[in-house]
Amino acid sequence: MPKTPKQNESTTPEPHEPEDGQEPEEDEEDEGRLREIDEASPVKGTSGRWGVAEPSRVQRLSYTPPETVRTTVEHIRAGDLSVDPRYNREIKPKWVEEIAAYFNPDQLQVLNVSRRIYRLVDGDGEEVQVFDGDLDHKDNTKVVEVVISGQHRLLATLKARGPDFVLTCSVYDGLTPQQEAELFAAFDEATKPHQAYQRHRSHSFGDNPVAVEINRIAANNGLIVYQGVGGTLKEGYVYAVSTVYGIYRNLGPEVLDRVFRIHWGAWQGNRFGYTHSLLGATAMLLVRFGKYAMWRDSHLVAALSTQQHNPQSLSQQARGRTLGVSSTSLRSEIARLEHKWYQEGLHGYARLPEWGATDEQIIEASEAAMLRYKRRKPTDGE
């Protein structure tokens, strides 16, 4: 007999951050959006309020801070639950089918649900989400229970038992959709670790400050950090999401901005110019030699802009240098080549210290270069 899968775990491979030049994997049967649930649902024709939670305006004046949100344990019909595809995982039909095939109510665990109350306010007839918890207010237009974590278990329940099956839910009253997104990232990460782009998608919708800042830096450089929307590699998209976060957190937003600016200046939106190895190599070079007084980002842009130094060629040459050498990495060899090409056409103190120089030696060379620069004879026109 085949092994029964746990009902809160995936039995199908998840998309992963692509390696250099690769396209992110996607399940060919994955429609990818819950807005198509009427066509894709394994429970076509069922009644009840199961569906997609629609975007709506939030009444900011009655906003409730997260620490005061009320939580209760309740039993809710499966058909009365909705999901919000703007921050949730993409639906995996195979996952739903396997959970439904071996359906066991005792393994469902508690679903995390947010209760949204909608009401007509301000006398203008506009429907907004409110947070006072009054389920019986005369102006309420609808109450929607949105599954924060557990959408695959919900779909499997609908398929196996139908919309009248009652599910145990931990219900949060008073959350904004953005707070739901942040909770989803926390809850679902504990169940099954997310891919980096999935976390970024949830955090972006949830207005997480780091995600917002990363998106702003990317946009300022003509780029978009991938969030799992779309299945093909596109120009101007950065798919190396975990590397982007690593640079931001470990080296700071200024370094990330400079890396993006250098790569855009050299290669514009060429998708091969934003792999994890290339981004990490340029960040490595900036950290090591950016402290040199004569360093200029524009020199590196010029060096990488030539046809001979396009991102595919750079990666290929660096990969060749790693063959049979266990003490190096693709990222390090790319940085070495960038360091070498940076020097081309430069003389004297404009050149960088040697690759193997220590931090102390780079600082000493920087001080000496500055002294020589200040003592130089001014050219005509200066």
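The values are calculated or read from the model by the stated rules, or taken from the named source; none is laboratory data. Every value quoted in this text rests on a predicted model; they were computed, and no experiment measured them. Cβ placement follows ideal geometry from the backbone for every residue including glycine, while neighbour counts extend to all protein chains displayed.
Some observations on this one:
- Residue satisfying condition, being of a type in the set (Ser, Thr, Tyr) and in contact (Cβ under 8 Å) with a residue 40 or more places away in the chain, within set Ser327, Ser366: Ser366
- Selection status of Val146, surrounded by 20 or more Cβ atoms within 10 Å (Cβ to Cβ), in the same structural domain as Gly79 (by TED's automatic domain parsing) and either touching a residue at least 60 places away in the same chain (Cβ under 8 Å) or closer than 25 Å to Val241 by Cα (or both): yes
- Of the residues making up the range 163-185, at least one is hydrophobic (A, V, I, L, M, F, W, C), touching a helix residue (DSSP H, G or I) at 6+ places or on another chain (Cβ under 6 Å), within 16 Å of Thr71 (Cα to Cα) and modelled with pLDDT under 90.
- Scan the range 127-151 for residues that are assigned to a strand (DSSP E or B) and small (Gly, Ala, Ser) and the total you get is 1.
- Of all positions in the range 334-341, none carries a residue that is of a type in the set (Gly, Ala, Ser), crowded, with 21+ Cβ neighbours inside 10 Å, touching a Ser or Thr at 6+ places or on another chain (Cβ under 7 Å) and at negative phi.
- Checked against the criterion of being out of contact with any His (no Cβ under 7 Å at 6 or more places or on another chain), closer than 24 Å to Ala240 by Cα, at pLDDT below 95 and in the same structural domain as Met370 (by TED's automatic domain parsing), the candidates Arg351, Arg288 yield just one match: Arg288.
- Test for Arg115: is it in a strand (DSSP E or B), of a type in the set (Lys, Arg) and surrounded by 20 or more Cβ atoms within 10 Å (Cβ to Cβ): yes
- Taking the listed residues Arg57, Arg119, Arg86, the one that is within 30 Å of the chain's Cα centre (by Cα), in the same structural domain as Lys159 (by TED's automatic domain parsing) and at pLDDT 70 or above is Arg86, with no other qualifying.
- Of all the listed residues (Trp267, Trp295), the sole one being within 25 Å of Gly348 (Cβ to Cβ) and in the same structural domain as Lys234 (by TED's automatic domain parsing) is Trp295.
- Test: Ala293 is more than 27 Å from Thr358 (Cβ to Cβ) and either over 24 Å from the mean Cα position of the chain (by Cα) or of a type in the set (Lys, Arg) (or both): no
- Test for Ala283: is it surrounded by 15 or more Cβ atoms within 10 Å (Cβ to Cβ), among the aliphatic types (A, V, I, L, M) and either part of a helix (DSSP H, G or I) or not assigned by TED's automatic domain parsing to the domain that holds Tyr248 (or both): yes
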